[in-house]
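Peer 1: Could you have a look at this structure, given as structure tokens, before my questions?
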Amino acid sequence: MLSTFASIATIIAAVLAIFAVKIAVKQIRLSKTQSAISLYQQYLELCTQYPRFARGMNKPIKRNCNQYEQYLWFVASMLHCFEQVVLSVGDDPQWQNTIKSQLKKHIKAISVSGSLSRDEWEKSLLVLIKEVTNQE
């Protein structure tokens, strides 16, 4: 009789452990999604703060254009944000589509970025950038 109770207790403990692991995995996924949402919200706030940059900008003919210099920093901030989003949510197709749609708006600045040629960004972000630049 005692061995039967021990066996039942072992089975119950195993079931509870599996349940706890499932809850932990779900919480980790939720945390990563919340992190991505928060990061993207920062990018949207940057767009609200600088709406003239949010749609993209052509390189001006005149040299030393302060506004274009600011725009390049905007793009660098955007890329950093997107890199963190990609690190948080991995290869989620919805996030990838969201990021690619924003990258397309800034394709001219991204295409000439020296940081791309130096592979300064996370590989998964570089894949998205290359997909967008190859489509254009």
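Peer 1: Which order, highest average first, do 77-84, 92-99 follow once you tally other Cβ atoms within 10 Å for each residue and take the mean per peptide?
Peer 2: Packing order, densest peptide first, comes out as 77-84, 92-99.
Peer 1: Now, a different point. Taking a threshold of 29 Å on the Cα-Cα distance, which of the pairs Lys32/Lys100; Lys32/Lys104; Lys62/Lys105; Lys32/Lys108 fall above it?
Peer 2: As for pairs spanning more than 29 Å Cα to Cα, those are Lys32/Lys108.
Peer 1: Once the principal axes of the Cα atoms of the range 33-111 are found, what is the range along each, listed largest first in whole angstroms?
Peer 2: 42, 23, 16
Peer 1: Another one. Quick check for me: using +1 on Lys/Arg Cβ and -1 on Asp/Glu Cβ, what's the dipole size of the chain about its Cα centre, in debye to the nearest 20?
Peer 2: 400 debye
Peer 1: Follow-up. At what distance in angstrom do the alpha carbon centres of the range 1-51 and the range 68-136 lie from each other?
Peer 2: For the range 1-51 versus the range 68-136, the Cα centre distance is 28 Å.
Peer 1: Can you list the aspartates and glutamates whose alpha carbon sits under 12 Å from that of Lys123, skipping same-chain ones fewer than 8 residues off?
Peer 2: Glu83, Asp91
Peer 1: Now, a different point. Would you mind computing, in nm to one decimal, how far apart the modelled labels at Ile37 and Ile12 are, each placed 7 Å from Cα along Cα→Cβ?
Peer 2: Computed distance between label sites Ile37 and Ile12 equals 3.7 nm.
Peer 1: Membrane-span-like helices in the chain: DSSP H runs reaching 27 Å or more (Cα, own axis), mean Kyte hydropathy at least -1.0?
Peer 2: In the chain, the long hydrophobic H runs are 2-49, 66-89.
Peer 1: Please work out which option in (i) 0.99; (ii) 1.59; (iii) 1.11 gives Cα Rg over 2.2 N^0.38 Å calculated from these coordinates, and answer with its label.
Peer 2: Checking each listed value against the structure points to (ii).
Every number here is computed from the coordinates shown, using simple stated rules; none is lab data. On a predicted model such as this, the values are computed, not experimentally measured, just so you know. Here the Cβ is made from the backbone with ideal geometry for all residues, glycine too, and neighbour counts use every protein chain on show.
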